[in-house]
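So the structure is just underneath, and the comments pick up after that.
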Amino acid sequence: MDGRRRAVGWSAGVGLAAAAAVALAVAPVRAADTPATRVTFTKDVAPILQEKCQDCHQPGSIAPMSLMTYQEARPWIRSIREKVASREMPPWHIDRSVGIQEFKNDFSLSDAQVKTIVDWVDEGAPMGNPADMPPPRTPVDPNAWRGVVDGLGQPDLVITSPTYTMPAVHQDVWWRPEQAIPITEARWVKAIEIRPSSVQGRRIMHHIIAYRVLNADEADAVNTGTSRGGNRLVNNLVNSRPQLMEWAIGKGYDLYRADTGKRIEPGEQISWEMHIHAVGEEITSGAQIAIWFYPKGQEPHHQSYLVGFSAIKDSSPGLDIKPNSISMSEGFTTLQKAAILENFQPHMHLRGKAMELEAILPDGTRQVVSFVRNFNFNWMTNYVYADDAAPAFPKGTVIHVIAWYDNTAGNRNNPDPNQWVGYGDRTVDEMGHAWVNVTYLTDQEYADWVTAHKKKGVDSQQQQ
């Protein structure tokens, strides 16, 4: 545990926030351009902003400022440098020194891109030759389906929930309407995306879950591949109710690997769960879900199950986060079947600061799968492993999730460090789990997976 504490940036007597403050220190900006300047906005920085930033940093989108032009970016150069150098922005907070590093949806900056932006600011943020400026990027609809933007084509089905009007000041609300899934024959789903039905709705929606209300004959849609505490199957609300998808701010869509998906049938309903919190302004919004189907007649061999791997022990169902303190919790879940873990999406609230996903194999071998060093409640980023990088583990593997919480004044998201915090659903309460899409394998399929990866030269502990 000491190694992990050092990795998160803690030492005796020094809080996480203090360590972060040192890391975020920024050098002064030199005011004047000189003939020796090597980096300019038009030639070097603008292409990076177009590729990695402008989806959000455009007029009318969710970011607080637009970065489409030099004139828009120049007043923000100190903030840009700080956020980029600390890797707070773009919001990709996976630790780059441990665990899996190949992802389908990696929108982080490369080391070279970070250096380019830092050098540009340190050299006085010159504009450069206007002729070097790339053609302006066409703005993206701030509430566009990310699957469409990324080339999946238009969804085959879109379902829109009723709306809810959240007052400017109010207690948290859980809005749970139900509605039918309008299909007349069974279909296999290859991709799913959820979003608030309005851009403003992104400000009030803590999360959205589309639970499935099943027909009586759909037992195989319920996850039975994990257990907590011996052989007792998971029976909590999160994992016993099958889900189409969970959404939180910063998450895109779920695109299942080849030969994997979710089968939905006529007669099913969606039971929405929208956790809505007040933000000082009256806002009306609902939820929408987009579904992309496999072609008719194409039936994948594997179902995908969305599992919440808990970071809280069964023996202590609550959290005990004392005022002005750093706390840690951990949970253990056993795989009853061999499985591929397709992604890692930490979920905590305002005091959440870091989370680790570890696998403890039946022979005692331990493998850190992923570690988020600087969790940010405002960005519930989903880290989707590349198909060849997604780890597979044998039956009997224990999935160990560790969560750290910062209930000090140094946590900028903390509403009150003098408050004790326990487990709960409200935004001001805490929880801790990792959302993971799981694909279960037969023992033979797992053996075949190990053989195939050995042939590819993959030296991985999960093959042992």
Q. Within segment 197-218, can you find the residues that are part of a strand (DSSP E or B) and within 16 Å of the chain's Cα centre (by Cα)?
A. Met205, His206, His207, Ile208, Ile209
Q | Only one of Leu319, Leu255 that is open to solvent by 10 Å² or more (accessible area, probe 1.4 Å) and touching a helix residue (DSSP H, G or I) at 6+ places or on another chain (Cβ under 9 Å) | A | Leu255
**Q.** Any chance Asp416 is surrounded by fewer than 21 Cβ atoms within 10 Å (Cβ to Cβ) and modelled with pLDDT under 95
**A.** no
Q: Please find, among Ile340, Ile312, the residue that is of a type in the set (A, V, I, L, M), on the phi < 0 side of the Ramachandran plot and not in a strand (DSSP E or B).
A: Ile312
Q. Do we find a residue being more than 22 Å from Asn413 (Cβ to Cβ) and either over 25 Å from the mean Cα position of the chain (by Cα) or of a type in the set (A, V, I, L, M) (or both) anywhere in segment 319-333?
A. no
**Q.** Residue ID - nearest to His277 (Cα to Cα), chosen from residues in segment 419-446 that are in a strand (DSSP E or B) and open to solvent by less than 20 Å² (accessible area, probe 1.4 Å)
**A.** Glu430
(Q) Filter segment 111-124 down to the residues that are at negative phi and part of a loop (DSSP other than H, G, I, E, B) and list them by number. (A) Glu123
Q | Output for segment 415-441, where each listed residue is more than 20 Å from the chain's Cα centre (by Cα) and either over 26 Å from Asn223 (Cβ atoms) or polar (S, T, N, Q) (or both) | A | Pro415, Asp416, Pro417, Asn418, Gln419, Trp420, Val421, Gly422
**Q.** Verdict on Pro139 being in a loop (DSSP other than H, G, I, E, B) and farther than 30 Å from Val189 by Cα
**A.** no
Q: Considering (1) within 22 Å of the chain's Cα centre (by Cα); (2) open to solvent by 50 Å² or more (accessible area, probe 1.4 Å); (3) modelled with pLDDT of 90 or more, say which one Glu72 fails and leave the rest.
A: (1)
Q.
Filter segment 174-207 down to the residues that are in contact with a helix residue (DSSP H, G or I) (Cβ under 9 Å, 6 or more places away or on another chain) and of a type outside the set (Lys, Arg) and list them by number.
A. Ala191, Ile192, Glu193, Pro196
**Q.** Which numbered condition Ala168 misses (of (1) open to solvent by 40 Å² or more (accessible area, probe 1.4 Å); (2) in contact (Cβ under 8 Å) with a residue 24 or more places away in the chain)
**A.** (1)
Q.
I'm checking my understanding of the structure. Among residues of segment 49-66 that are surrounded by fewer than 20 Cβ atoms within 10 Å (Cβ to Cβ) and of a type in the set (A, V, I, L, M), which one is farthest from Met127 (Cα to Cα)?
A. Ile62
Q) Which residue pairs have Cβ atoms closer than 6 Å, lie 6 or more positions apart in sequence or on different chains, and pair a first residue in segment 138-162 that is farther than 12 Å from Ile289 by Cβ with a second residue that is among the aromatic types (Phe, Trp, Tyr) and modelled with pLDDT of 95 or more? A) Leu152/Trp292
Q. Counting only residues that are within 27 Å of Asp320 (Cα to Cα), open to solvent by less than 10 Å² (accessible area, probe 1.4 Å) and outside any strand (DSSP E or B), how many does segment 383-411 have?
A. 1
Q) If a residue has to be open to solvent by 70 Å² or more (accessible area, probe 1.4 Å) and touching a strand residue (DSSP E or B) at 6+ places or on another chain (Cβ under 8 Å) to count, how many in segment 176-200 make the cut? A) 5
Q) Under 6 Å by Cβ, and 6 or more places apart or on different chains, what pairs join a residue from segment 409-423 that is more than 10 Å from Arg351 (Cα to Cα) with one that is modelled with pLDDT of 95 or more and open to solvent by less than 50 Å² (accessible area, probe 1.4 Å)? A) Ala409/Pro417
Q. Between a first residue in segment 82-110 that is at negative phi and open to solvent by 30 Å² or more (accessible area, probe 1.4 Å) and a second residue that is at pLDDT 95 or above and of a type in the set (Phe, Trp, Tyr), which pairs have beta carbons less than 6 Å apart while being 6 or more apart in sequence or on different chains?
A. Val98/Phe371
Q) Which of the following residues is on the phi > 0 side of the Ramachandran plot and in contact with a strand residue (DSSP E or B) (Cβ under 8 Å, 6 or more places away or on another chain): Gly432, Gly396, Gly422? A) Gly396
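The values are calculated or read from the model by the stated rules, or taken from the named source; none is laboratory data. This one's a predicted model, so the numbers in the text were calculated from it and none came from an experiment. Cβ: placed from backbone, ideal geometry, glycine included. Neighbour counts: every protein chain shown. Accessible surface areas use protein heavy atoms only, side chains included; no ligands, DNA or RNA. Shrake-Rupley method; radii C 1.70, N 1.55, O 1.52, S 1.80 Å.
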